[in-house]
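K.L.:
What follows is a structure written as structure tokens; I'll ask about it next.
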Amino acid sequence: MLIKVRRSWELKESSVTDEAHFRQRRRLLQAAAAAGVGAAMPAIARVSPPDEGRRLANLRDSRWGRDLEPTDYEDITSYNNFLELGTGKRSPARNADHLRTRPWSIRVGGECEKPGEIDIEEILRTIPQEERIYRFRCVEAWGMVVPWGGFSLAALLKRFEPTSKARYVAFETLYDPKQLPGQRRDILDWPYREGLRMDEAMHPLTMLVTGVYGVELPGQNGAPLRLIVPWKYGFKSIKSIVGIHFVDTQPRTTWSDLQPDEYGFYANVNPEVDHPRWSQKYERHIGEGLFARKHKTLGFNGYAEEVADLYKGMDLRKFF
Ligand code: MTE
């Protein structure tokens, strides 16, 4: 008999969030704010997930972040780090229309039996329902609670049949200075690169994200496909991916190449290990205002129960 064991971050089918109800609640809050009733919750009052845009199909909810109020759609999509679209936090949203996200394909190669190229539409059509998840608490370089939509990276990687030599996975962003004008400047060694150890990449919480608030991801957030590793700092979450490679040694990554004493390969959220220029003990959450109380940073961003075992026996001060 096959017994399906539900993973700890999944909810029962019956508790899948109904996006329509969610939106309706938002509208009520907005209306209340317009009438002056919502003065105590200005951050909530400005939320307006778009009504247009392509909706993501068959999302399941995850238990993570359910008790947290999501950051405004406005903030998630207008305050970004995406150096290829400008160095200011507001630049990526302004410049995102340079980026054409269709057609879009991803090359997968290296240490695997079935290297190849796969189109984003084919990925979206064929990812099984049970692999799709929605809404994560995610702390970026700033704190945001983002209702991401996507599927586990493992679901895609398995199709290419990595060999036993595949010990790491390397990711690469699109390189095209016409579409990504920031690449005309020499500020980084383009394209942006990131990497994960194989067990991190295959962990079911590691997601490839295609949407936010139930609709397709906008360019500034890394459309059409970006990584989210919920227990790591935001710079690991590489955007607009076109290349995935299985490799046998730790791959070069953009930030740890550029400033190895400040940005490690692992980048696990860790209140005990300070960045050389600032403490990581507390975090601010976007949308709460500069004067709001900071939040205590949680080890592994609150996912210790799920992922701490991956690092058993490792000195996390050394491998930061
Ligand atoms: N990916 C690419 N290709 N280029 C970038 O500049 N910035 C990273 C990461 N992914 C970046 C990137 C950093 S520093 C952060 S904090 C997150 O994207 C920000 O994601 P967000 O803008 O969706 O919040």
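K.L.:
Putting +1 on Lys and Arg Cβ atoms and -1 on Asp and Glu Cβ atoms, find which of 150, 233, 82 reaches farthest to the positive end of the dipole of the range 45-311.
P.N.:
Value: 82.
K.L.:
Please get the size of the charge dipole for the range 45-311, origin at its Cα centre, with Cβ charges of +1 on Lys and Arg and -1 on Asp and Glu, quoted in debye to the nearest 20. Display every interim value, and only then the final one.
P.N.:
Working: 37 positive and 39 negative charges, 87 e Å.
Here the size comes out at about 420 debye.
K.L.:
Can you give me the long-range amide H partners of residue 215? Hydrogens built in the peptide plane at 1.01 Å from N, cutoff under 5 Å, separation of 5 or more residues or another chain.
P.N.:
Under 5 Å from the amide H of residue 215 lie the amide H atoms of 56, each far enough along the sequence or on another chain.
K.L.:
Tell me the carbon and sulfur percent of the accessible area for the range 176-320, rounded to whole percent, probe radius 1.4 Å. Please list the in-between numbers first.
P.N.:
Values: 3400 of 6410 Å².
Its accessible area is 53 percent carbon and sulfur atoms.
K.L.:
Leaving out ligands and nucleic acids, and using a 1.4 Å probe, what accessible area per residue does the range 198-265 come to in Å²?
P.N.:
Numbers: 1660 Å² over 68 residues.
Solvent-accessible surface per residue comes out at 24 Å².
K.L.:
Can you pull the three principal axis extents for the Cα set of the range 45-311, in Å, largest first?
P.N.:
Sorted largest first, the three principal extents are 53, 42, 42 Å.
The values are calculated or read from the model by the stated rules, or taken from the named source; none is laboratory data. Keep in mind the model is a prediction, meaning the values are calculated, not measured. Backbone-built Cβ (ideal geometry, glycine too); neighbour counts: all protein chains shown. Areas reflect the complete protein model, heavy atoms only, side chains present, ligands, DNA and RNA absent. Shrake-Rupley method; radii C 1.70, N 1.55, O 1.52, S 1.80 Å.
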